[in-house]
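The values are calculated or read from the model by the stated rules, or taken from the named source; none is laboratory data. Since this is a predicted model, take the numbers as computed values, not measurements. We place every Cβ from the backbone using ideal geometry, glycine too, and count neighbours over all the protein chains shown.
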Amino acid sequence: MDLGKTGCRAMLWNGVDSSRAVSSVPGAPGLAAPDGVAAARAAVRAAVEPLLRKSDGARPEAVLVGAAGAASAPAAARSLAAALLEDVPVQESAVTSDAVTAHAGALGGRAGVVLAIGTGAVAVGIGADGTYARVDGWGPLLGDDGSGARIGTDGLRAALRAHDGRGPATALLDAAVGLFGDPGRLPATVGRDGNPARTAASFAPAVARAADAGDAVAAAIVRGAAADLAGTALAAARRIGEDGGPLPLAVTGGLTGLGPVLMAPLTAEITGSGLPVRLGDSLGDPLDGARLLALDRTTPHASLVVRVRRTAPPTPPPAPATPPASV
């Protein structure tokens with residue numbers, strides 16, 4: 001499972017011939033947030049239940065969740081792992097950071113650096129000897145520089161400055177009105193669903209489109225995000241610096257969908273840094289990483305996964321009550 005702040009995706013894997021069908025539901029604010037475990041648990045249940053209904057009674061052996069916020073809230077990660085044994089009929093549940101599953105999927109379980117960018121932003125570097133570095137991923141209030149939430153927030157702030165007359169005119173004002181309505185109600189609108197980072201991130205594509213169309217304010221926001229993201233990835237590379245050749249580096253996550261307007265300056269920042277890194281394509285997504293870590297305990301990621309194993313067989317669901325005999 002890939003449990004982010006915007007969306008939660010699950011896939012049931014049963015060997016090499018498994019269907020790649022994915023069950024998708026809204027995400028959760030993150031394990032470090034108030035009631036983060038409860039929100040994560042609800043999202044996992046909602047994503048898993050359709051897959052179990054289609055499994056023809058087959059009972060999965062394990063569930064592994066890559067969850068936003070797990071790295072900064074290890075106690076919450078363990079609580080979620082324990083709670084999932086009550087919700088899912090498995091022998092083992094495991095929880096790690098969604099950045100760790102993104103890393104494992106993107107690099108096929110090998111050492112290197114992965115920059116995961118979506119609603120949040122974090123770089124994870126893992127050396128062949130297990131050296132671990134996590135850079136950023138501090139959430140929308142204190143970090144996640146260059147993330148979808150930050151791009152969207154900066155775009156909405158620019159729109160409100162233009163609305164007030166405090167800032168330059170920008171196409172972002174019309175874009176914000178088109179997506180969210182009355183600017184005067186924008187603060188309430190962004191916070192109404194309890195996940196303002198996700199709502200703000202939904203404006204990031206509009207910022208990218210405005211930048212691509214030549215809006216100077218939007219272009220500056222996207223260029224700044226690219227510089228921030230490159231700085232995050234390169235900091236992780238420096239912290240795990242490998243001898244003997246360039247360090248593999250991959251970028252993954254939903255924000256890559258913004259296209260060249262973000263990825264071109266991000267690539268230029270990384271390749272022009274002078275650091276011995278080799279920017280390459282991602283080999284897989286976070287669901288591939290979750291599957292890999294569920295099956296293989298020998299990767300450099302092993303110490304980053306919290307695993308809880310059931311000590312008693314799962315309780316089968318109660319049998320339906322026998323209807324009364326007809327008279």
| remark: Taking region 47-87 and keeping residues crowded, with 24+ Cβ neighbours inside 10 Å and not aliphatic (A, V, I, L, M) leaves Gly66, Gly69
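If we scan region 172-192, do we find a residue that is closer than 16 Å to Ala116 by Cα and either surrounded by fewer than 16 Cβ atoms within 10 Å (Cβ to Cβ) or modelled with pLDDT of 90 or more (or both)? Explain how you work it out, then say what you get.
Our first condition is that a residue be closer than 16 Å to Ala116 by Cα; within region 172-192, this holds for none.
No, region 172-192 has no match at all.
So is Ala235 surrounded by fewer than 20 Cβ atoms within 10 Å (Cβ to Cβ), touching a strand residue (DSSP E or B) at 6+ places or on another chain (Cβ under 6 Å), in contact (Cβ under 8 Å) with a residue 60 or more places away in the chain and aliphatic (A, V, I, L, M) or not? Before the answer, list the steps.
Values: surrounded by fewer than 20 Cβ atoms within 10 Å (Cβ to Cβ): yes; touching a strand residue (DSSP E or B) at 6+ places or on another chain (Cβ under 6 Å): yes; in contact (Cβ under 8 Å) with a residue 60 or more places away in the chain: yes; aliphatic (A, V, I, L, M): yes.
The answer is yes for Ala235.
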| region 84-98 - residue that is over 14 Å from Val48 (Cα atoms) and not in a strand (DSSP E or B) and, of those, nearest to the chain's Cα centre (by Cα) | Asp98
| said: Every residue in region 266-296 that is aliphatic (A, V, I, L, M), under 30 Å from Ala47 (Cα atoms) and surrounded by fewer than 18 Cβ atoms within 10 Å (Cβ to Cβ), please. | reply: Leu283, Leu295
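Does Val37 satisfy the condition of being at pLDDT 90 or above and either not aromatic (Phe, Trp, Tyr) or not assigned by TED's automatic domain parsing to the domain that holds Trp138 (or both)?
Details: at pLDDT 90 or above: yes; either not aromatic (Phe, Trp, Tyr) or not assigned by TED's automatic domain parsing to the domain that holds Trp138 (or both): yes.
For Val37, the condition - at pLDDT 90 or above and either not aromatic (Phe, Trp, Tyr) or not assigned by TED's automatic domain parsing to the domain that holds Trp138 (or both) - is met.
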| task | Quick one: count up the residues across region 257-271 that are in contact with a Gly (Cβ under 9 Å, 6 or more places away or on another chain) and farther than 10 Å from Ala208 by Cα. | result | 2
| task | Considering each residue of region 16-32, count those that are within 30 Å of Thr199 (Cα to Cα) and over 15 Å from the mean Cα position of the chain (by Cα), and give that number. | result | 4
| remark: For region 36-55, pairs from a residue that is under 22 Å from Ala68 (Cα atoms) to a residue that is among the polar types (S, T, N, Q) and at pLDDT below 90, with Cβ under 9 Å and 6 or more apart or across chains, are Ala39/Asn195
| task | Residue by residue through region 99-136, note down the ones that are surrounded by fewer than 24 Cβ atoms within 10 Å (Cβ to Cβ) and either at positive phi or in a loop (DSSP other than H, G, I, E, B) (or both). | result | Gly108, Gly109, Arg110, Ala111, Gly127, Ala128, Asp129, Gly130, Thr131
| Is there any pair with a first residue in region 292-304 that is part of a helix (DSSP H, G or I) and a second that is small (Gly, Ala, Ser) whose Cβ atoms are under 6 Å apart and which are 6 or more apart or on different chains, and what are they? | Leu292/Ala104; Leu292/Gly109; Leu293/Ala104; Ala294/Ala62
